[in-house]
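The values are calculated or read from the model by the stated rules, or taken from the named source; none is laboratory data. Note that the structure is a prediction, hence the values are computed from the model and not measured. Neighbour counts are summed over all protein chains in view; Cβ atoms, including those assigned to glycine, are modelled from backbone coordinates with ideal geometry. Remember, those area values only see protein heavy atoms, side chains included, never the ligands or the DNA or RNA. Shrake-Rupley method; radii C 1.70, N 1.55, O 1.52, S 1.80 Å.
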Amino acid sequence: MVKLTYYVTDMAHMPAIRTARAGHIPDDRLPAASAVQVAALVRPEFLMEIEAFAVIAE
């Protein structure tokens, strides 16, 4: 994984997002990341969308 973009409806969710990320991605392998607060997502119950880019060696 080389880049993550988080689209969140409330930046107050970022500490929980970082905690969840830390459980799956080691600190020495963190990708570049951006967080964008949005007014809404496709469904009102959705709080976050994650876009991830990865490079696969051939």
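Listed by first and then second residue, the pairs linking a residue in the stretch 39-58 that is closer than 22 Å to residue 29 by Cα and at pLDDT 95 or above to a residue that is surrounded by 10 or more Cβ atoms within 10 Å (Cβ to Cβ) and charged (D, E, K, R), with Cβ atoms under 7 Å apart and 6 or more places separating them unless they lie on different chains, are 53/3.
Which members of the stretch 26-58 meet the condition of being among the polar types (S, T, N, Q) and closer than 17 Å to residue 12 by Cβ?
Of the stretch 26-58, the ones among the polar types (S, T, N, Q) are 34, 37.
If the condition is that a residue be among the polar types (S, T, N, Q) and closer than 17 Å to residue 12 by Cβ, then 37 is the only one that fits.
Figure legend. Inter-residue proximity from the stretch 3-20: first residues free of Cβ contacts under 8 Å to residues at least 60 places away in the same chain, second residues of a type in the set (Ser, Thr, Tyr) and open to solvent by less than 60 Å² (accessible area, probe 1.4 Å), beta-carbon distance below 9 Å, spacing 6+ or different chains. Indicated pairs: 3/34; 4/34; 5/34; 6/34; 13/6; 14/6; 17/6.
So which of 42, 36 is β-branched (Val, Ile, Thr), open to solvent by 70 Å² or more (accessible area, probe 1.4 Å) and more than 15 Å from residue 1 (Cα to Cα)? Spell out the reasoning first.
Details: 36 fails: open to solvent by 70 Å² or more (accessible area, probe 1.4 Å).
On inspection, the qualifying residue turns out to be 42.
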